[in-house]
Amino acid sequence: MKILVTGGLGFIGSHTVVELQNEGFEVIIIDNLSNTSLSVLDGIQNITGKVPAFEQLDLRDKNKVQDFFKRHTDIEGVIHFAASKAVGESVGNPLLYYENNINVLVYILQELEKNHTANFIFSSSCTVYGQAEKMPITEDSSVQTALSPYGNTKQIGEEIIIDTAKVTNVNAVLLRYFNPIGAHPSAEIGELPLGVPQNLVPFITQTGIGLRQELSVYGDDYPTPDGTAIRDYIHVVDLAKAHVIAMQRLLNKKNQDKVETFNLGTGTGSSVLEVIHAFEKVSGQKLPYKIVARREGDITEAYANTDKANTVLGWKAQFTLEEAMASAWKWEQKIRS
Ligand code: UD1
């Protein structure tokens, strides 16, 4: 069974390629290397003993997308990660985000609707819920007006897939990720943030290693037990495994609807201070940090109700926050050594 993984050299993509190969799938990766490096292929090979097929290709070029699918008629499923994901950048350059995240999605779906097998998994985000009224967040919580072009591309992307699946042979799973963190326990692959990390965990590990002076904690006046904001941090390997299960579900025609949506989180919320303390525990060192003002656009809390993924997909996150932080730390030490 051949699976196309777009963005397969990125953070979540590369971990998913590993899990697919571990389960015996043949993988072909498309990546334009805009936010990653070719060396990720070596990491994947070191873990799995296999090098996936790889094409460096920019999916914004519709002709190239068409040409790719003409050359590969044996693809049974597509897991689509290739997209831009920096909230701040999307505010400054919305058209880049709409082109990269929306045009590309349309081009791929246009090719899939020509096939008789069209199994599609979409990288979505809990950002579609905004600040949900009730915690934990179930899949039927309402989708809120997006706060950024990035968030909007995830909402529009989901709608495009739903509309397409209604009238084509496309079957899809929308996976709404909470906060993916960590790295492969082997430290062969992990996150490779470009420049100053915007996300909490890479900023913590870079501070721990001495690349950054101190972490700014964005606000301690939230209505939470310790005043800092709460998120559901999920180990990237758990997340990757959910993609394999979702793909198997589509390939085995076990899906109950043309489009199914699942939250992928641990079901547990952790505050920024709890994440810092988990890092301090696993690294055995103090993390320098200071409390600063809230970051614009941040919400108070978001954590998943994972009942649907647990019962329908038969998937459950296995790793703890400490295990995820330990793997992120091991990876940071490896890439700086
Ligand atoms: C962010 C995006 C979200 C996107 C996700 C992708 C924003 C507002 N949201 O989620 O749309 O889907 O990344 O990974 O950018 N924090 C600090 N100091 C830091 C960095 C973060 O205190 O230097 C805090 C944040 O205020 C937040 C928590 O850590 O409470 C997690 O932040 P982050 O890792 O950026 O994730 P989200 O904001 O949840």
Check: Between a first residue in segment 149-161 that is touching a residue at least 40 places away in the same chain (Cβ under 8 Å) and among the basic types (Lys, Arg) and a second residue that is open to solvent by less than 20 Å² (accessible area, probe 1.4 Å) and not in a helix (DSSP H, G or I), which pairs have beta carbons less than 8 Å apart while being 6 or more apart in sequence or on different chains?
Finding: LYS154/SER124; LYS154/SER125
Note to self: Here are the criteria: (1) within 16 Å of the ligand (Cβ to nearest atom); (2) farther than 26 Å from VAL17 by Cβ. Tell me which single one GLY284 does not satisfy.
What the structure shows: (1)
Next item on the list: Mind checking which helices (runs of 4 or more DSSP H) fall wholly inside segment 51-113 and carry at least 3 residues that are over 21 Å from LEU9 (Cβ atoms) and more than 16 Å from the ligand (Cβ to nearest atom)?
Entry: 62-71, 104-112
Check: Are any residues in segment 211-262 open to solvent by 30 Å² or more (accessible area, probe 1.4 Å) and within 16 Å of the ligand (Cβ to nearest atom), and if so, which ones?
Finding: LEU211, ARG212, GLN213, GLU214, SER216, TYR218, ASP220, ASP221, PRO223, PRO225, ASP226, ARG231
Margin query: Criterion first (in contact with a strand residue (DSSP E or B) (Cβ under 9 Å, 6 or more places away or on another chain) and within 16 Å of the ligand (Cβ to nearest atom)) does GLN155 satisfy it?
Written below: yes
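Only one of GLU55, GLU76, GLU26, GLU19 is within 22 Å of ILE245 (Cβ to Cβ) and without any contact (Cβ under 8 Å) to a residue 40 or more places away in the chain; which?
Among GLU55, GLU76, GLU26, GLU19, only GLU26 is within 22 Å of ILE245 (Cβ to Cβ) and without any contact (Cβ under 8 Å) to a residue 40 or more places away in the chain.
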Notebook entry, point to check: What strands (runs of 3 or more DSSP E), lying completely within segment 163-222, carry at least 2 residues that are within 24 Å of LEU239 (Cβ to Cβ) and in contact with a helix residue (DSSP H, G or I) (Cβ under 6 Å, 6 or more places away or on another chain)?
Noted result: 171-177, 179-181
Next item on the list: Being surrounded by 14 or more Cβ atoms within 10 Å (Cβ to Cβ), within 10 Å of the ligand (Cβ to nearest atom) and either free of Cβ contacts under 8 Å to residues at least 60 places away in the same chain or not aliphatic (A, V, I, L, M) (or both) is the filter here, so list the residues in segment 296-337 that pass it.
Entry: ASP298, THR300, GLU301
Notebook entry, point to check: So how many residues does segment 116-126 have that are over 20 Å from TYR177 (Cβ atoms) and open to solvent by less than 50 Å² (accessible area, probe 1.4 Å)?
Noted result: 2
Note to self: Within segment 76-101, take every residue that is closer than 24 Å to LEU112 by Cβ, of a type in the set (Ser, Thr, Tyr) and open to solvent by less than 40 Å² (accessible area, probe 1.4 Å) and give me the one that is nearest to the chain's Cα centre (by Cα).
What the structure shows: SER84
Notebook entry, point to check: Can you tell me which of ALA172, ALA132, ALA118, ALA165 is within 16 Å of the ligand (Cβ to nearest atom), touching a residue at least 12 places away in the same chain (Cβ under 8 Å) and out of contact with any Cys (no Cβ under 7 Å at 6 or more places or on another chain)?
Noted result: ALA132
Item checked: Given (1) open to solvent by 40 Å² or more (accessible area, probe 1.4 Å); (2) under 30 Å from LEU41 (Cβ atoms); (3) within 13 Å of the ligand (Cβ to nearest atom), number of the condition ILE204 does not satisfy -> (1)
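The values are calculated or read from the model by the stated rules, or taken from the named source; none is laboratory data. Not measured: the values here are computed from a predicted model. Reconstructed Cβ throughout: ideal geometry from the backbone, glycine too, with neighbour counts over all protein chains shown. All accessible areas refer to the heavy atoms of the entire protein, side chains included, with ligands and DNA or RNA removed. Shrake-Rupley method; radii C 1.70, N 1.55, O 1.52, S 1.80 Å.
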